[in-house]
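Note sheet for the following structure.
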Amino acid sequence: MRLFLLSLAFNFIITGFCTAQVKPTSTTYTGVGLKGGSSSSWFSFDPSLNQGGATGYTAGLLLKHAVQVHENEPMMGIQVELNWVQRGWSDKIDSATTYTRRLHYIELPCGGIRIPKS
């Protein structure tokens, strides 16, 4: 029993000084932002109409989260957006009348990002 306790104490002392790997220090980046701008769109119909494009607005909120595990590696992460977009078309009925149709969309794009090491 005495030999067992002595070997157990020896193991605790030795393993305190030995490490197989150094724990990497990770860097994280989290960002929240707003985006906005204009959009231009066209629709095609069958049979074709005398139509043109329509311009609209776009606005959104984005969330970006990236992690760099090792110092010499690029950051990897994910970016999620929630966007409101106006799309549509305009139809020229006659020389004095133009019909414009605007559609409103909610988009939820999601993608991975890679931020190169600078």
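Going 7 Å from the Cα of residue 96 in the Cα-to-Cβ direction, what parts of the range 46-83 have a backbone nitrogen less than 11 Å from that spot? Within reach of a label on residue 96, which here means backbone N under 11 Å from a point 7 Å along Cα→Cβ, the range 46-83 contributes nothing. Ranked for footprinting exposure by Cβ neighbours inside 10 Å, fewest first, 95, 26 give 95, 26. Calculated FRET efficiency, residue 41 to residue 67, Cβ-Cβ distance, R0 = 41 Å: about 0.70 to the nearest 0.05.
Read-outs throughout are calculated quantities, based only on the coordinates presented, and are distinct from any laboratory measurement. Nothing here was measured: the structure is a model prediction, and the numbers come from that model. Neighbour counts are summed over all protein chains in view; Cβ atoms, including those assigned to glycine, are modelled from backbone coordinates with ideal geometry.
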